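Shown next, in structure tokens, is the structure this report addresses.
Quick note: the coordinates plus some simple rules give every number you see, no bench work behind them. Computed from a predicted structure; not experimentally measured. Note that each Cβ is placed from the backbone with ideal geometry, even for glycine, and that neighbours are counted across all protein chains shown.
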Amino acid sequence: MAERLTGRPGLDITLSLAGRTASPARQPVPVRIGGFGGAAGLADYLLSGRTDALIDATHPYASVISANAVVAARKTGVPFVILRRPPWVAVAGDRWTEVNDVREAVKVLGKTPHRVFVTLGRNELAPFAAAPQHHYLVRSVDPIDPPLPLPHVSYVTGRGPFAEAGDRDLMTTHGIEIVVVKNSGGTATYGKIAAARELRIDVIMLRRPRVSEAPAVETIEDAVAWLDHALALAVVRGV
């Protein structure tokens, strides 16, 4: 989204990151890092910066940030839209079990030891400590520090996009039997889903959290069109 808007005359863009990644990818626009202090803090930020539009392009599972954005936009009257890519949909050959959260995913793993590929955020891994019988392969953007208190765990770091062939080789090398993932949508991390289908590996899929009712679009082009319309209305209103 930042790349699509950079260089457009008349736009002063700020990209806000939560700060959970140690070395975020370089961006073509100014970046701020860290929280706002909840919905009230975000509302103050929008007003103090005379913000003309707010686009929530966070991860589909960043439910707290999205909820705060909804509240802040309503409080301030700043035009607001959610850019939320559509979720993946199971197709023929997929072996999905959908769950609501990580604790439920751990229960679905069962008591029989399995080799499990986990691709969740590092702050969401604690529940796996309750099932030490499994052999885990954990992939994350940043190293898991401190390591999980588990007897059988390996780590691999990487930043997407991940190709299907690479994920297939990774799963084969580690003898993976079950994959635990979020339904992130998009193409950047779909390789593991396609690889699991081809290898006939079970997938435990975390359902997306619900987000408060708010205007939403599914593509960058739609978000840009929304922004153009919002800014044009602001001019008409003399904002």
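What to note about this one:
- Part-to-part distance (alpha-carbon centres) for segment 162-239 and segment 69-145, which is given in Å: 12
- Residues listed by number, segment 85-126, amide nitrogen under 14 Å from THR219 label point at 7 Å toward C-beta: 85-86
- Scanning the chain for GluC sites (Glu not before Pro) lying in DSSP loops with no more than 16 further Cβ atoms inside 10 Å, the longest uninterrupted stretch between such sites is 1-212.
- Pairs beyond 29 Å (Cα-Cα), from LYS75/LYS182; LYS75/LYS192; LYS111/LYS192: LYS75/LYS182; LYS75/LYS192
- Sum of side-chain charges, PRO215 neighbourhood, beta-carbon under 15 Å (Lys, Arg +1; Asp, Glu -1): -3
- Stretching the chain fully between VAL64 and THR187 yields a gain of 41.9 nm (0.36 nm per residue, less the alpha carbon separation).
- What the pair-distance distribution of the chain shows, using all Cα-Cα distances binned every 10 Å from zero, is 7, 28, 32, 20, 11, 3, 0 percent.
- Across q = 0.16, 0.17, 0.19 Å⁻¹, segment 96-206 modelled as identical point scatterers on its alpha-carbon atoms has Debye log10 I(q)/I(0) values of -0.66, -0.75, -0.97, in the order of the q list.
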